[in-house]
Amino acid sequence: MEVSQLRRLYLDFFIKKCKHTEIGSSPLLPENDPTCLFNTAGMQPLVPYLLGAAHPCGTRLVNSQKCLRTDDLDEVGDDTHHTFFEMLGNWSLGDYFKEEAIKWSYEFLVGKREDGCLELDPRRICVTVYEGDETVERDNKAIQLWQELGFILNSEAKPGDLNRIYPYPAEHNWWKLAETGPCGPDTEIFYYNGDLEDPKFKNNKYAPNDETDVYVEIWNNVFMMYNRESDGSLTELTNKNIDTGMGFERILSFVNGVNNAYQTPLFKPVLDRLRELSSKTEIENSIRIISDHLRASVFIMGDQFGVTPSNTDQGYVLRKLIRRAARHLHKIGVDYMEAVAIADIFIGMYSDHYTELVGKKDLILTELKQEIEQFSLTLDKGCKEFMKIKNELDQKAIQIIPGELAFKLYDTYGFPLEMTEELATENNLSVDSEGFEKAYKAHQDLSRTAAAGRFKGGLADDSEESTKLHTATHLLHQALRDVLGDHVGQKGSNITPERLRFDFNHSEAMTKEQIAQVEEIVNAQIERDLQISCDVMSVDEAKSQGAIGLFEDKYAEKINVYKIGNFSMEICGGPHVQSTKELGHFKIKKEQSCGKGVRRIKAILQ
Ligand code: SER
């Protein structure tokens, strides 16, 4: 089954049969969320709605969300971990609950192809549920629903019974995105990825979450009905929600009868090409890493809020991915520029669904080429330097590369620390990473470390200060258009409780007078005590009423449009304050360039 075909089957099942509305993927690089660099789960952009806000598309939503995780980069190359991945998700916002969620999931997995389902072998499926603790009891409802579908509680099963229900503790069956926020018990669906004739399988010697990993989790149904408060207590949410997440790459593998995505139409063309070009042996791990990292790079650069390689935040993650791919190309003896051809294959494969990639194709390929060209100038020399270091250490029988030397590889040859660590492992060495950080700090470029703390998933920040700054951003956006012209549009936005940062297209530096004028306009609107209101409308209506904002990433039928009095009208997910009077005094702290034709403003409220 092809990539697009599987995605469409899933979306159509929930749209046609279960009356969901398709909402399209949110950007991979979250807007206005200082707590994380990338979207890590399908529900992440939906947090405000899971907490009770009305979603403009209603109470049943479905999409395939672009996600990226960098916490297990070391695992990339195995059968199931990818840096970039798609998460298929269907949501009920206080609408249907456990019964429909469980029934529909199972039907989609094992139902007939001619009915738009996947027709997976039911013998291979088992499930887990929440076993309960002193605060939340065992999920007997989920158990009962699975029993009605023919599943057997593990404790009640006879030897040889398949399709078991395994109750597990919170560690496995309580889902949360972060320490606080929406959460709840879940039921996870697992797929047996081994030989049906294996006696251990027939005698129930394997179980989900055991060390063998022959049962792979494919789909999670979270019964998201609680909010974890900052004091650790649980409160019930206004709505009982369903939040599901199915790993696209995993399901694509199993539907195609193989046990990893590298053997499916998603990766196979790229891997076959690399196998043909390389004359080396033992290249499997490298070609998997190359294809995984280049696909992720395409999505980072091609995102609505895409970035190019740099030494900070998402740009640094991108740089690491590209350089690691380049190093592995070097290792298997394939020309670096092959990376560009591979990226082009991925763009082609995904353009029908992720249409943002089409317009950014040239940019993606050019940036990739430049980054690799630049890196290739030092990669060879850096590898030689590494071997020199290794030989010197060998002579002294030292097995740890000192931080200073790892820093030299970074600073002089552009080797990200992770790459040096990987090279070290390949050569039975390790790296003094603390020493590296020290050397790094000593050189006063803190950007990489700043990014390091933010790889994990987190909640959108909706503190009072951030909310105020968000409303101020709308005022700023309109004021910039009033002063500089209607060509001004948002290129990026990032808000922390301390400041707002707004990127917009404009080709020259703003003059002092222009900056003062913008501040004056914003402060005048604050003084006018304008009310903020939100209307739900179609994208066309929003456009014709003159709303501004990012239209490109809105595939949804209905969107939220926030109005600030009669001054500003902008597409946005909120949250906002009620009246501009709450904002205080607006001040621009900095105006600078941030790329060709793009300016950046940092501003605060005093
Ligand atoms: N939030 C859950 C997950 O990420 C289900 O979507 O697994």
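The values are calculated or read from the model by the stated rules, or taken from the named source; none is laboratory data. For clarity, every value in this text was computed on a predicted model and none was experimentally measured. Glycine gets a Cβ as well: all are built from the backbone with ideal geometry, and neighbour counts include every protein chain shown. Side chains are part of the model used for accessible areas, which takes the heavy atoms of the whole protein and leaves out ligands, DNA and RNA. Shrake-Rupley method; radii C 1.70, N 1.55, O 1.52, S 1.80 Å.
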Calculate how large, on average over all directions, the projected area of the Cα convex hull of the stretch 139-221 is; give the answer in nm² to one decimal.
6.1
Work out how much length Ser279 to Lys16 would gain on full extension: take 0.36 nm times their residue separation and subtract the Cα-Cα distance, in nm to one decimal.
89.7 nm
In whole µm²/s, the translational diffusion coefficient that Stokes-Einstein assigns to the stretch 261-374, given a Kirkwood hydrodynamic radius over C-alpha pairs, 10 °C and 1.306 mPa s, equals 114
Which helices count as membrane-span-like in the chain under these terms: full DSSP H, at least 20 Å along the axis by C-alpha, Kyte-Doolittle mean of -0.5 or more?
284-301, 464-484, 512-527
Cβ-defined net charge surrounding Asn260, 9 Å radius [Lys, Arg +1; Asp, Glu -1]:
-1
Solvent exposure ordering (accessible area, 1.4 Å, most first) of Lys360, Lys491
Lys491, Lys360
Once amide hydrogens are built 1.01 Å from N within the peptide plane, the residues lying 5 or more places from Ile218 or on another chain with amide H under 5 Å from its amide H are Ile189, Phe190, Tyr191
Could you tell me the accessible area of Trp219 in Å² (1.4 Å probe, neighbours in place), rounded to the nearest ten?
0
Take the alpha carbon atoms of the stretch 195-215, find their center, do the same for the stretch 553-606, and report the distance between the two centers in whole angstrom.
54
222 nm [θ] for the chain, helices only, -39500 (n - 2.57) per DSSP H run of 4+, per residue, to 500?
-11500 deg cm²/dmol
Per 20 Å bin, what is the whole-percent P(r) computed from every C-alpha pair distance within the chain?
18, 49, 31, 3, 0
If R₀ is 22 angstrom, what is the calculated FRET efficiency for the pair Asp540 and Ser4, using the beta carbon separation as r and rounding to 0.05?
0.25
Quick one: accessible surface of Glu426, probe radius 1.4 Å, all protein chains present, in square angstrom to the nearest 10.
80
Positive minus negative residues near Glu236 (Lys, Arg vs Asp, Glu; Cβ under 13 Å)
+1
How big is the Rg/Rh ratio for the stretch 189-302, C-alpha atoms only, Rh by Kirkwood, two decimals?
1.11
Accessible solvent surface per residue of the stretch 457-540, calculated while the other protein chains remain in place, 1.4 angstrom probe, Å²:
44
Heavy-atom accessible area of Val76, protein chains in place, probe 1.4 angstrom, given in Å² to nearest 10, is 10
Kirkwood Rh over Cα pairs of the stretch 491-606 into Stokes-Einstein at 4 °C, 1.567 mPa s: D in µm²/s?
83
Distance check, please: which entries in Lys103/Lys158; Lys369/Lys390; Lys176/Lys202; Lys543/Lys590; Lys66/Lys590; Lys17/Lys66 exceed 26 angstrom between their Cα atoms?
Lys369/Lys390; Lys176/Lys202; Lys543/Lys590; Lys66/Lys590
Along the principal axes of its C-alpha atoms, what lengths does the stretch 324-369 span, in descending order and rounded to whole Å?
34, 17, 14
Quick one: divide the alpha-carbon radius of gyration of the stretch 1-71 by 2.2 N^0.38 Å and tell me what you get.
1.22
Go through Val129, Val536 and list them by solvent-accessible area, largest first, probe radius 1.4 Å.
Val536, Val129
Heavy-atom accessible area per residue - the stretch 1-107, 1.4 Å, Å²
31
Volume per residue that the Cα convex hull of the stretch 1-160 spans, once the total is divided by residue count, Å³
181
Round to a whole number: what % of the accessible area of the stretch 21-146 belongs to carbon and sulfur, probe 1.4 Å?
43
Taking Lys and Arg as +1 and Asp and Glu as -1, residues besides Ile521 with C-beta under 12 Å from its C-beta add up to -2
Once you have all Cα-Cα distances for the stretch 87-184, histogram them in 5 Å bins from zero and send the whole-percent values.
3, 11, 18, 22, 22, 14, 8, 3, 1, 0
How many nm is it between the label spots at Asp210 and Val136, if each spot is 7 Å from the Cα in line with the beta carbon?
2.7
Using label points projected 7 Å from each Cα along Cα→Cβ, tell me how many nm separate Gln374 and Gln144, to one decimal.
6.2
